[in-house]
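The values are calculated or read from the model by the stated rules, or taken from the named source; none is laboratory data. Every value quoted in this text rests on a predicted model; they were computed, and no experiment measured them. Quick reminder, even Gly has a Cβ in these numbers, built from the backbone with ideal geometry, and neighbours come from all protein chains shown.
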Amino acid sequence: MKPTLKLYELTDDFLDALDDLCEQDLSPDLIALQVGELAGAWEAKALNVARYVKNLEAEAAAVTEAGKRMDARAKTLKRQAEHLREYLKNQIEITGLKPPHAADLTLRIQSNPPTVVIHDEAHVPAEYRHSAIVTTISKAEISTALKAGNSVTGAHLEQSTRLIIG
């Protein structure tokens, strides 16, 4: 079985063949025929790579969607568990009975550490207040300024390309 060439190998072969054809004294029809054969193999491989990219993107989207559903389900289960835990605790406290236990399970009511509740921020002394300065850079504003022809020190516009597979 003949191993299939990789796209980069086909690209190299195509460019080498073009160089060779340019050096030879061949008729335009013969050159066109040979270039067409090489281009056809390269095109078929490029299209297969593009199909594989679309397949991977579709699979990634499906996995992402499944992950979102699983996350939502996990949050629902956690909420149900927390609700039932609170319900059970309240029922034990209301009855005043000792929490039940079994060989595989022990229930007990435990006090949590005390928490600070701020009921009026205006009256909290300054010694307990801390301020933080947050600096952000607005790329959107810089982009607008640069596109308008203004110079922005420390920034510039850069144009890149991407492949669209439709």
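Can you tell me which residues in the range 120-141 are assigned to a loop (DSSP other than H, G, I, E, B) and surrounded by 10 or more Cβ atoms within 10 Å (Cβ to Cβ)?
Filtering the range 120-141 for residues assigned to a loop (DSSP other than H, G, I, E, B) gives 120, 124-125, 129-138.
VAL124, the sole residue that qualifies.
Filter the range 76-108 for residues that are polar (S, T, N, Q) and loosely packed, with under 10 Cβ neighbours inside 10 Å; which is modelled with the lowest pLDDT?
Residues of the range 76-108 that are polar (S, T, N, Q), as a first pass: 76, 80, 90-91, 95, 106.
Now narrow it down to the ones that are loosely packed, with under 10 Cβ neighbours inside 10 Å: 95, 106.
On the way: THR95: 95, THR106: 92.
Checking each candidate, the answer is THR106.
For every residue, the table says whether it meets (1) farther than 30 Å from TYR52 by Cα; (2) outside any helix (DSSP H, G or I).
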| site | (1), (2) |
| --- | --- |
| ASN90 | yes, no |
| PRO99 | yes, yes |
| ILE109 | yes, yes |
| ILE118 | yes, yes |
| SER143 | yes, no |
| ILE165 | no, yes |
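Consider ALA39 against the criteria (1) assigned to a helix (DSSP H, G or I); (2) of a type in the set (A, V, I, L, M); (3) loosely packed, with under 10 Cβ neighbours inside 10 Å: it satisfies all of them except one. Which criterion is unmet?
(3)
If a residue has to be more than 30 Å from VAL53 (Cβ to Cβ) and either small (Gly, Ala, Ser) or exposed (fewer than 10 other Cβ atoms within 10 Å of the Cβ) (or both) to count, how many in the range 145-163 make the cut? Spell out how you get there, then give the answer.
Initial filter on the range 145-163 (more than 30 Å from VAL53 (Cβ to Cβ)): 145-156.
In the following step, the residues that additionally are either small (Gly, Ala, Ser) or exposed (fewer than 10 other Cβ atoms within 10 Å of the Cβ) (or both) were identified as 145, 147-151, 153-156.
Summing the residues that are more than 30 Å from VAL53 (Cβ to Cβ) and either small (Gly, Ala, Ser) or exposed (fewer than 10 other Cβ atoms within 10 Å of the Cβ) (or both) in the range 145-163 gives 10.
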